[in-house]
Amino acid sequence: MSGDPPAAEELRRGMTVRVVQGGQDPRSEDREPIVGEVDRVIGEDPQGPEVELKSGAVGHVVEVVPET
C-alpha cells in the first residue's frame, strides 16, 4: 500500500477501495484490510476517510484500488 489515504471529497459511490475496520490502526502492519465498493462516504477522520461499503462494512479508507 502506498502513501497517504485519499481525502473524503475524492471518494465516490461505486469506487473500489481498501478499508480497515473499527478499532484497527490503519497505520499498523497487523491490520486486515477489506476490499469493497463504496456505498456512502460517512466523513473525514484522522485515520482516513470513513465509508460504508456496499457489503455493509464500515471502515477507514487506506487506498483506492486502481481499475484494471
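Quick notes on this one:
- Between VAL65 and ARG40, the modelled label-to-label distance comes to 2.3 nm, taking each label 7 Å out from Cα in the direction of the beta carbon.
- Cβ-Cβ FRET estimate between ALA8 and GLU32, R0 fixed at 25 Å, reported to 0.05: 0.65
- Each residue, THR16 and GLU52, gets one label point 7 Å from its Cα in the Cβ direction; the gap between the two is 2.3 nm.
- Cβ crowding within 10 Å averaged over residues, with 38-44, 48-54 ranked highest first: 48-54, 38-44
- Electrostatic tally near MET15: other residues with Cβ closer than 13 Å to its Cβ, Lys and Arg +1, Asp and Glu -1, net -2.
Values in this text are rule-based calculations from the coordinates and carry no lab data. Fair warning: this is a prediction, and the values are worked out from it, not measured in the lab. Quick reminder, even Gly has a Cβ in these numbers, built from the backbone with ideal geometry, and neighbours come from all protein chains shown.
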